[in-house]
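Here is the structure we will look at.
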Amino acid sequence: MGNAMTFGKVLESADRLSLDEQETMMDILHRRIIEHRRAELAKEIQNAQQEFKEGGCKPTTPSEIMREILS
């Protein structure tokens, strides 16, 4: 991480961009965040499916879930 910039320096650099460049950067960052969250969700789904396959959890009804939440 020798070339890592601090958050403050990134913001300072962004301030030097034109408004159009800043908007483009925001769009790119937003898409990257969405993709990152999508990848995290896919991993969580894979883990849950594996746990279910290994018998680590059991199917349940919505009413059973609500009863557990409210207890």
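Summary of computed values
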{"read-out": "Of (1) 20, 12, 11; (2) 34, 13, 11; (3) 43, 16, 12, the label for semi-axes √(5λ) of the Cα gyration tensor in Å derived from the coordinates", "value": "(3)"}
{"read-out": "Accessible-area ranking of Ile69, Ile33, largest first, probe 1.4 Å", "value": "Ile69, Ile33"}
{"read-out": "Accessible surface, per residue, of the chain when the full set of protein chains is kept, probe 1.4 Å, Å²", "value": "98"}
{"read-out": "Residues of type lysines that Lys43 reaches as a straight line, Cα spacing below 22 Å, ignoring anything fewer than 8 places off in the same chain", "value": "Lys53, Lys58"}
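The values are calculated or read from the model by the stated rules, or taken from the named source; none is laboratory data. All values reported here derive from a predicted model rather than from experimental measurement. When the accessible area is computed, the model is the full protein with side chains, heavy atoms only, and any ligands, DNA or RNA have been set aside. Shrake-Rupley method; radii C 1.70, N 1.55, O 1.52, S 1.80 Å.
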